[in-house]
Structure formats: structure tokens, C-alpha cells
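Take a look at the structure set out below.
Quick note: the coordinates plus some simple rules give every number you see, no bench work behind them. All of these numbers come straight from a predicted model, not from anything done at the bench. Glycine gets a Cβ as well: all are built from the backbone with ideal geometry, and neighbour counts include every protein chain shown.
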Amino acid sequence: MSKVRDTRVPQVTGGGALLRRPVAIVTALVLSGEAVGIFAVNAVLATVAENQNMSLAGMDPKAMSTGTWVMGGIFAVLLVGCGLIALLAGVRDRSPGRFGRIALIGCAVVHGVLGAVTVGLVGWAAFACVMLVLALLVFTLLSYGPEGRAEDRVRDEAAPAAA
């Protein structure tokens, strides 16, 4: 019978601790930039709809213009809010709370659907940009996973037996 020594090797779970702060901060900056872009695109659409006196199925052009302004503002506020959640997670190096995680998951889902629509309507370059934002969101969510107890994060496991 061979006697194998019982050596304990600490194993840290939830890797990516070195990158999670910078990625969360970059995610916040990208979402804030996206908010500015979305608001600018909606501002141009609202101005064009109002100046051209366009209507859709008999709808008042002023209502279309106002709706586009409101939609752009709401999207921008939501993106800035998600960016703020990611920024706070990166600066504090702590997982966002329940509301923050739900907001970031919702933002990731919207980017996934937007990517599927974008590839067909705009092209592969725009799809790659949307998927980059989605990847940043998913990495931020996964790297700041649900916080467990300290004993759960560093586990002692027996090393594999030498043959």
C-alpha cells in the first residue's frame, strides 16, 4: 500500500478578480457613451419628423416628435443608470445589490435582442459593437457574482493523488 500525503490546496473560485474593476468601469463609460449616442439619434429623428411634417397612419407629427424625444430621454436615463450601477460596482469592488443586478441583466437582455435586430438591419460592424457592450455587461455580472461567505470563496480541497 502506498501512503499518499494529504495536502490541501486552496482554490479560489470566481476568477477574474484582477480584471473586474477595470472592466466594470469601462462598462460604465461605454454605457454612458451609448446613452449620449441614443439620445442624439432620437433627437435627430424627432427633429426630422417635425420639420418634414411626417406622420404615420394619420398620427399627428407633433405627437410623433414628442414621443421620439421622450423615448430618447428615457433610454438615455436608463443607460446612464445602468452605467452608474456598473461604475459603483467597479469603484467599490463590490457586487451590485438585487436591484442593480436586475437592471444590469435587463440591460444585457435588451442588448442581446438589439444585436439580433442590428445584424439584419444595419450590418455586421454594428452587430460587433452591440455584442462588445453585451460582453462587457456579462463579464461585469459574472465577475461580481452573488457574494457568498468567505469560506465558500476559498475552499480547501485535497490535492490529486500522485500515481
Query raised in the report: Given charges of +1 on the Cβ of Lys and Arg and -1 on the Cβ of Asp and Glu, with all other atoms neutral, how large is the dipole of segment 43-110 about its Cα centre, in debye to the nearest 20?
Result: 400 debye
Query raised in the report: From the backbone phi of segment 109-114, what are the Karplus-calculated ³J(HN,Hα) couplings (6.51 cos²θ - 1.76 cosθ + 1.60, θ = phi - 60°) in whole Hz, Gly and Pro given as x?
Result: 5, 4, 5, x, 5, 4
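Could you give the length gained on full extension between Leu121 and Val91, defined as 0.36 nm per residue of separation minus the Cα-Cα distance, in nm? Please list the in-between numbers first.
Values: separation 30, 0.36 × 30 = 10.80 nm, distance 3.68 nm.
Full extension from Leu121 to Val91 adds 7.1 nm.
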Report summary line: Quick calc: nm separation of the 7 Å Cα→Cβ label points for Leu29 and Ala63 -> 4.4 nm
Report task. Work out, step by step, the length gained on full extension between Leu18 and Glu50: first 0.36 nm times the residue separation, then minus their alpha carbon distance; give nm to one decimal. Result -> 6.6 nm
